[in-house]
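Below: the structure, in structure tokens.
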Amino acid sequence: ETIVADYERHIGRAAARLAGQTGQPVEVRSEGALVWDEEGRPHLDCGGYGVFILGHRHPAVLDAVRRQLDRHPLATRSLLSGELAEAAQRLAAATPAGLERVYFACTGAEAVEAALKLARAGGRRRVIAMANGFHGKTLGALSVTDRLAFQTPFRPLLPDITTVPFGDAEALREALAHDGRKACVILEPVQGEGGVRIPPPGYLREVADACGEAGAMLILDEVQSGLGRLGTWWGCDAEGVRPDLLLAGKGLGGGCLPVSAVVATEAAFAPLDRNPRLHSSTFSGYPLGMAAVTATLETIEREDIPARAQLLGKRLYEHVIEASHAAGPELVREVRGRGLLIGVELSHPRVAGRFMHELLARRVIAAHSLGTDTVVRFTPPATLSETEVDWFANAVGEAMARLGD
Ligand code: PMP
């Protein structure tokens, strides 16, 4: 009760109302795919907005962070940092060949800001973004986040932004027909917040070709899709595409710390190569976060997370499809998924709310899509046990069966 009161007074009335109404438990502890509430009840975390691909408090990440915490968590930034150098080297090695330069930040939106600034400093003032795209809520990132409700109160946003339909390579070609050399294109390989939208096969390849032919810069936002979540290291790996700038975030700090990054070709990074002060931030490349990044990348490799995400994703997808038959097509419009990014499109925001509520009653945490009120998303860790898979399947089945009540 005091927590809800403190929310009301200091966090916000709407947030408190939401928490109070849904009877949300208070989360106090976590490990693996589980989050415990105050009363000691475990919840299966299939939400977390895609951060926990390794689960919570993965021992390898925790160990690296603990050691770094005892040694040197934050840098003076006036001297060199071995942790930064190592994390950058490892991240470059984990991304498609030709992506060499790295700029670290803390949040996804910051990575987007850095990418948009790099494009501009390189003479590209036009931005082509995607319908239903989501890239964050800082002013620059918001300008390419296609949701009116988030944008309207903050206009005017960045100028020279064109929005084209996601999945339509021809529309992109048309938009690039004039002044392509002065443009950058930003998109997600699979749209997450937009409601788990999967483009037709070959689309990403066509996008990369269109950008190449027009001389446009390609920015792939892999903040949600990267690090194995889609069943490949990066979403762009599925089609052998290498962007000019690749953005990572969310799980990059191993579910322990906030870290994001821009990984760039030498050409795309040129403005920062010439003048590193053009874009910088106090906590960029902080040693504690860098220790987490190095341990995370090692763990993804060692535990073969992309392959596990693919296998587990297929199984969970099948369970959701099976459960959706019980609810029927009037309530469950579609189930879409790739790897461990699975979205359920419900007939109405109210039904989506009900679904989340019924899942929570079975102690399964899912997430809304920030861009679409009718899509509920599952982004579980790749480390689920057999018991946890059963838990998921039963909860989704029961929750779906109650949607029509
Ligand atoms: N890009 C994508 C693809 C995202 O899904 C998100 C977060 N949902 C962001 C950027 C913004 O990240 P953050 O909330 O850490 O700023």
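The values are calculated or read from the model by the stated rules, or taken from the named source; none is laboratory data. Bear in mind that the values here come from a model prediction, so they are computed numbers and not experimental data. Backbone-built Cβ (ideal geometry, glycine too); neighbour counts: all protein chains shown.
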(message) Suppose we filter Thr282, Thr296 for residues that are more than 16 Å from the ligand (Cβ to nearest atom) and hydroxyl-bearing (Ser, Thr, Tyr); which single one remains?
(response) Thr282
(request) May I ask you to say which residue of Ala115, Ala121 is crowded, with 18+ Cβ neighbours inside 10 Å and either more than 17 Å from the chain's Cα centre (by Cα) or within 13 Å of the ligand (Cβ to nearest atom) (or both)? (result) Ala115
(request) Please work out which one of (1) surrounded by 23 or more Cβ atoms within 10 Å (Cβ to Cβ); (2) assigned to a helix (DSSP H, G or I) is the condition Val263 fails and give its number. (result) (2)
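For every residue, the table says whether it meets (1) within 16 Å of the ligand (Cβ to nearest atom); (2) aromatic (Phe, Trp, Tyr); (3) within 22 Å of Pro243 (Cβ to Cβ).
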{"position": "Val35", "(1), (2), (3)": "no, no, no"}
{"position": "Gly47", "(1), (2), (3)": "yes, no, no"}
{"position": "Ile53", "(1), (2), (3)": "yes, no, yes"}
{"position": "His56", "(1), (2), (3)": "no, no, no"}
{"position": "Glu83", "(1), (2), (3)": "no, no, no"}
{"position": "Leu91", "(1), (2), (3)": "no, no, yes"}
(request) Could you pull out the residue among Thr95, Thr107 that is surrounded by fewer than 20 Cβ atoms within 10 Å (Cβ to Cβ) and at negative phi? (result) Thr107
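Of everything in segment 132-189, what is of a type in the set (Ser, Thr, Tyr) and either outside the structural domain of Ala214 (by TED's automatic domain parsing) or more than 12 Å from the ligand (Cβ to nearest atom) (or both)? Give them in sequence order. First the steps, then the outcome.
Of the residues in segment 132-189, the ones of a type in the set (Ser, Thr, Tyr) are 138, 143, 145, 152, 162-163.
Matches in segment 132-189: Ser143, Thr152, Thr162, Thr163.
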(message) Against the conditions (1) touching a strand residue (DSSP E or B) at 6+ places or on another chain (Cβ under 9 Å); (2) part of a helix (DSSP H, G or I); (3) within 27 Å of Glu345 (Cβ to Cβ), where does Gly226 fall short? Just the number, please.
(response) (2)
(request) State yes or no: is Thr282 in a helix (DSSP H, G or I) and surrounded by fewer than 20 Cβ atoms within 10 Å (Cβ to Cβ)? (result) no
(request) List the number of the failed condition for Pro243; all other conditions in (1) closer than 28 Å to Glu386 by Cα; (2) assigned to a loop (DSSP other than H, G, I, E, B) hold. (result) (1)
